[in-house]
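Worksheet: the structure to be examined is printed underneath.
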Amino acid sequence: MIRQQREALIVAHGQPSVPVPPELWLQGFAAAVGRHLPDWKIRAATLAMPDALERQAAEMPLGSPIFPMFMADGWFVSKVLPKRLNGADLQILPPLGFHSALPDVAALGVRKALDSRGWRLEDSHLLLAAHGSARGPKAAESANAFAKLLQTRLPGMQISTGFVEEAPFIADAARDLPAQSLCLPFFALEGEHCREDIPEALEDAAFSGHSMPPLGTWPEAAQMVAHAFGNVD
């Protein structure tokens, strides 16, 4: 008997105003995940691309897993995604921000960034720049919980959080930070928030530290998503 090929879907928010570039990026990311799972078919769709999610979901075997490229299990993951799936028999996994390996990966990346600059951990500050939300507390709760997990892995380092959409805003959180500071965007994709809002906030705060790439764009992210799919029964 020929075994049916296993399939999985990666879903991200995308950018409603310009939906194509994030959709193409996510497809490339899905290909990177697929290199870790050569026997799987890895699909991708953003919520912003009209009908992309529905088309992909309709073609997948029943029970196939969906990985949300989100940092929190807030409105989009808990409300919008299930509604768009319209009862399809697919398994929604915990989002990227809840992956068990993410704190260790992030902490190692921070240590490498410090070492490359000759900065001591205990003399440095980390600003976790996150989205936040006016819709509810889950986005901020996720970022703050992640900051606490990082603190256990980076003892002695000062860690704070700032948000795009709620207080403390990134500009306020970044103001008066020492030059020996890192800004780590707690984001799954590099959209407008990472390209425009965060740099503008840091400029407004006269932030003189170093900005790191968004966590979801790190090379380790594809391996983490593959790991999540591989652990599905």
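Sorting the segments 57-63, 222-228 by their mean number of nearby beta carbons within 10 angstrom, highest to lowest, gives 222-228, 57-63. When each of the peptides 10-16, 95-101 is scored by the mean number of other C-beta atoms lying within 10 Å of its residues, the order from highest to lowest reads 10-16, 95-101. Can you give me the C-alpha center-to-center distance between the stretch 3-63 and the stretch 152-178, rounded to a whole angstrom? Measuring centre to centre over Cα atoms gives 33 Å.
Under 19 Å of direct C-alpha separation, and excluding same-chain neighbours fewer than eight residues apart, Lys79 reaches these lysines: Lys138. For the stretch 114-233, the solvent-accessible area with a 1.4 angstrom probe is 48 square angstrom per residue. Projecting the Cα atoms of Gly156, Ala222, Val110 onto the dipole axis of the chain, where Lys and Arg carry +1 and Asp and Glu carry -1 at the beta carbon, places Ala222 farthest toward the positive end. Size estimate for the stretch 113-154 follows the Kirkwood approach: the inverse of mean 1/r over distinct Cα pairs works out to 11.9 Å.
Bridging of Lys112 to lysines at a Cα separation below 23 Å is possible for Lys148, once same-chain residues fewer than 8 apart are set aside.
Taking the Cβ of Thr161 as the centre, find all other residues whose Cβ is under 12 Å away and add up their charges (Lys, Arg: +1; Asp, Glu: -1). Surrounding charge for Thr161 is -2.
Per DSSP H run of at least 4 residues, take -39500 (n - 2.57); add these up for the chain, divide by its residues and hand me the 222 nm value, nearest 500 deg cm²/dmol.
Values: 8 runs with 85 residues, N = 233.
Helices in the chain give a 222 nm mean residue ellipticity of -11000 deg cm²/dmol.
Accessible surface of the stretch 1-151, 1.4 Å probe: 56 percent of it comes from carbon and sulfur atoms. Work out the charge dipole of the stretch 49-116 with +1 on the Cβ of Lys and Arg and -1 on the Cβ of Asp and Glu about the Cα centre, then indicate which of Asn86, Ala58, Met71 is farthest towards its positive end. The Cα lying farthest towards the positive end belongs to Met71. The mean of 1/r over all pairs of different alpha-carbon atoms in the stretch 132-233, once inverted, gives a Kirkwood hydrodynamic radius of 14.8 Å.
The values are calculated or read from the model by the stated rules, or taken from the named source; none is laboratory data. This structure is a prediction, so every number in the text was calculated from the model and none was measured. Neighbour counts are summed over all protein chains in view; Cβ atoms, including those assigned to glycine, are modelled from backbone coordinates with ideal geometry. Just the protein is used for accessible areas: all its heavy atoms, side chains included, with ligands, DNA and RNA removed. Shrake-Rupley method; radii C 1.70, N 1.55, O 1.52, S 1.80 Å.
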